[in-house]
Amino acid sequence: MNKDGSNTDRTNQEGRVPGPEEDLTALLGGSLKLLQPRQGYRFALDSLALAGFCRLGEGWSVLDLGAGNGVLSLVLAQRFETPRFTLLELQDSLAGLARRNTALNGLESRLRIIQGDLRQKDLFPEKHFQAVVINPPYRVVGNGRLGPLEQRNLARHELECTLRDWTKAAARWLKNQGALSVVFPVERLDQLLAGLQQAGLIPKRLRLVHERPGGPGLLALVEARLGGGRGLAVDPPLFADQLDKERIPG
């Protein structure tokens with residue numbers, strides 16, 4: 001027991017179990033556990049698709065923009081043993097959940113969580129990270145009805161984070177030739193590619209996620225390099241039946 005009468009071990013343990021409005025999801029065959037709100041922002045398979053697409057080097061410093069409950073960095077930490085991750089999340093409730101998920105999976109030494117706004121330029125030194133990963137809000141304001149839950153609205157709609165906002169932030173904090181990896185809806189792929197290039201992030205790899213062979217693309221996975229040279233490689237397509245919470249897609 002601590003001097004103030006509190007029991008730290010008990011507090012830490014309580015933070016690792018679901019609250020009354022939360023549940024616990026097992027991922028990757030149970031090797032990863034994720035606390036989530038029953039209503040609000042919840043894990044989606046696009047994060048697994050992005051985690052399978054990302055390429056990270058030995059010991060890289062990685063920035064996860066708009067990290068939500070931390071699922072993307074948690075999966076990447078399972079896939080890559082040496083990189084260290086900084087998770088930036090605007091919403092205090094989600095940043096707190098990311099901290100709890102980090103502790104739940106024993107990854108406190110590799111993941112640090114910061115609650116803050118990516119539009120705040122002085123959060124990190126410029127040209128500091130070797131990689132940036134992001135699963136950003138997909139929907140522009142006015143495209144799609146806002147729901148009653150603010151947490152979900154902020155995660156899905158460009159209310160506080162536009163395409164221009166996060167591309168500028170990535171370019172600000174990436175080292176020269178650093179890699180950005182992003183998942184985005186195919187219907188906005190033209191806007192994504194234009195926005196990346198406007199920020200000096202040159203698209204180098206593209207992979208489309210399809211519902212089924214012969215069907216239209218649904219999501220685009222894109223890797224860009226800050227100040228990279230021209231030339232875009234297109235990876236084989238990824239299909240929806242390859243996405244499930246038991247494995248990271250190859």
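Observations, loosely collected:
- For segment 156-168, the criterion of being at pLDDT 95 or above, in contact with a helix residue (DSSP H, G or I) (Cβ under 6 Å, 6 or more places away or on another chain), closer than 29 Å to residue 111 by Cβ and open to solvent by 30 Å² or more (accessible area, probe 1.4 Å) is met by none of the residues.
- Among the residues listed as 24, 63, 48, the single one being buried (at least 22 other Cβ atoms within 10 Å of the Cβ) and either free of Cβ contacts under 8 Å to residues at least 40 places away in the same chain or touching a strand residue (DSSP E or B) at 6+ places or on another chain (Cβ under 6 Å) (or both): 63
- Residue within segment 220-235 that is open to solvent by less than 10 Å² (accessible area, probe 1.4 Å) and either over 27 Å from residue 78 (Cβ atoms) or among the small types (Gly, Ala, Ser) (or both) present: yes
- For the residues 85, 43, 124, the requirement of being more than 22 Å from residue 203 (Cα to Cα), surrounded by 16 or more Cβ atoms within 10 Å (Cβ to Cβ), among the hydrophobic types (A, V, I, L, M, F, W, C) and at pLDDT below 95 singles out 43.
- Long-range neighbours under 8 Å by Cβ, at least six apart or interchain, first residue in a strand (DSSP E or B) within segment 223-248, second open to solvent by 60 Å² or more (accessible area, probe 1.4 Å) and modelled with pLDDT under 95: 239/211; 239/212; 239/213
- Total residues in segment 201-224 satisfying the condition of being of a type in the set (Gly, Ala, Ser) and in contact with a strand residue (DSSP E or B) (Cβ under 6 Å, 6 or more places away or on another chain): the figure is 3.
- Pairs, first in a loop (DSSP other than H, G, I, E, B) in segment 74-91, second at pLDDT 95 or above, C-beta under 6 Å, six or more apart: 80/56; 82/58; 82/59; 83/56; 83/60; 83/62; 90/117
- A count restricted to segment 179-203 and to residues that are of a type in the set (Gly, Ala, Ser), under 16 Å from residue 232 (Cα atoms) and outside any helix (DSSP H, G or I) stands at 3.
- Annotation: residue 131 fulfils all but one of (1) at pLDDT below 95; (2) hydrophobic (A, V, I, L, M, F, W, C); (3) touching a strand residue (DSSP E or B) at 6+ places or on another chain (Cβ under 9 Å); the unmet one is (1).
- Residue list for segment 194-237, filter: under 15 Å from residue 180 (Cα atoms) and among the basic types (Lys, Arg): 204, 205, 207, 225
- Residue in segment 109-127 that is within 16 Å of residue 174 (Cα to Cα) and within 11 Å of the chain's Cα centre (by Cα) present: no
The values are calculated or read from the model by the stated rules, or taken from the named source; none is laboratory data. Quantities reported herein were computed from a predicted structural model and do not represent experimental measurements. Don't worry about glycine lacking a Cβ; one is built from the backbone with ideal geometry, like all the others, and counts go over all protein chains shown. All accessible areas refer to the heavy atoms of the entire protein, side chains included, with ligands and DNA or RNA removed. Shrake-Rupley method; radii C 1.70, N 1.55, O 1.52, S 1.80 Å.
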